[in-house]
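Asks: Can you keep this structure in mind? I'll have questions shortly.
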Amino acid sequence: MNAPPLKPATSALVRLAFLATAALALAPALARPGLYANRYDWRYFESMGEISRRAVLWWHQAPLWNPYSCGGEVALANPQSLDTAPSFLLVLLFGVAVGYKLALVLYHFAALDGGFRLARRFGASLQGALLAGFAYGLSGWLALHFSEGHVTFIGVTLYPYLLLCYDRAVEQPEWAIPTGLIAAWILSLGGTFTPPMAAELLVLWAVLRAVERRSARPFVMLVAAGA
């Protein structure tokens, strides 16, 4: 099922091409790195990010409370909070405007690379896997959501990695750990749609693999990843 492994030089070149593609796709935003967005949804998430950033850096507190909206409301407990995601470190280090732009580069790269790796997992040629990676990472669905500021849909970029790790876990139990970590990363990116969609995708994948293998092992690995 797996395609033959690529030579290290070819693999590195592919990753570099994906990184350059992600940066090129976001070139209009990266050309003015310190500029805040003018879309309402983006401004909502940027304001939440700035409030949480100040709570951590100025007051050395966990960003539990947002005192500036609606007379005060939860921050970290907000279902749309992005503050527990690893990419929040970019916001802490570089500020909201630059941090979110760098995060988008990271997630676009994940979509491109993940789509490529998943295709290779199922035996696609180098050219076929490249097509899969570019088709997924540069899809209009992602572009439309992110340009409008539907930031909590960003977890969709990690779906290929999630499926890849889970599929490997069916054969190698230790891969349940990265499967669970990526699922947690998707959950940490907030939203009321993306995590349930990921769960449905995993369950469907488990059913297909269980039927194919005539075994309950895929469901066992699903529970292990959840644990």
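The values are calculated or read from the model by the stated rules, or taken from the named source; none is laboratory data. Keep in mind that what you see is a predicted model, and the values were worked out from it rather than measured. Neighbour counts are summed over all protein chains in view; Cβ atoms, including those assigned to glycine, are modelled from backbone coordinates with ideal geometry. Accessible surface is based on the protein model in full, side chains and every heavy atom, while ligands, DNA and RNA are left aside. Shrake-Rupley method; radii C 1.70, N 1.55, O 1.52, S 1.80 Å.
Condition check ((1) open to solvent by less than 10 Å² (accessible area, probe 1.4 Å); (2) in contact (Cβ under 8 Å) with a residue 24 or more places away in the chain; (3) more than 23 Å from Pro33 (Cα to Cα)) across all residues:
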{"residue": "Ala77", "(1), (2), (3)": "no, no, yes"}
{"residue": "Leu82", "(1), (2), (3)": "no, yes, no"}
{"residue": "Val96", "(1), (2), (3)": "yes, yes, no"}
{"residue": "Gly99", "(1), (2), (3)": "yes, yes, no"}
{"residue": "Ala124", "(1), (2), (3)": "no, yes, yes"}
{"residue": "Ala129", "(1), (2), (3)": "yes, yes, yes"}
{"residue": "Ala132", "(1), (2), (3)": "no, no, yes"}
{"residue": "Leu142", "(1), (2), (3)": "yes, yes, no"}
{"residue": "His150", "(1), (2), (3)": "no, yes, no"}
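Asks: Let me ask something else about it. How many residues are over 20 Å from His145 (Cα atoms) and either assigned to a loop (DSSP other than H, G, I, E, B) or of a type outside the set (Gly, Ala, Ser) (or both) when one looks only at segment 34-52?
Replies: 3
Asks: Collect the residues in segment 23-47 that are under 18 Å from Val91 (Cβ atoms), modelled with pLDDT of 90 or more and hydrophobic (A, V, I, L, M, F, W, C), keeping them in residue-number order.
Replies: Matches in segment 23-47: Leu26, Ala29, Leu30, Leu35, Trp42, Phe45.
Asks: Identify all residues within segment 28-60 that are surrounded by 12 or more Cβ atoms within 10 Å (Cβ to Cβ) and free of Cβ contacts under 8 Å to residues at least 24 places away in the same chain; write none if there are none.
Replies: The answer is Ser47, Arg54, Ala55.
Asks: Another question about this same structure. Within segment 1-13, identify whether any single residue is in contact with a Phe, Trp or Tyr (Cβ under 7 Å, 6 or more places away or on another chain) and open to solvent by 20 Å² or more (accessible area, probe 1.4 Å), and answer yes or no.
Replies: Scanning segment 1-13, I find at least one residue that is in contact with a Phe, Trp or Tyr (Cβ under 7 Å, 6 or more places away or on another chain) and open to solvent by 20 Å² or more (accessible area, probe 1.4 Å), so the answer is yes.
Asks: Can we say Ile177 is closer than 29 Å to Trp42 by Cα, among the hydrophobic types (A, V, I, L, M, F, W, C) and modelled with pLDDT of 95 or more? Spell out the reasoning first.
Replies: Numbers: closer than 29 Å to Trp42 by Cα: no; among the hydrophobic types (A, V, I, L, M, F, W, C): yes; modelled with pLDDT of 95 or more: yes.
Taking the combined requirement at face value, the residue does not satisfy it.
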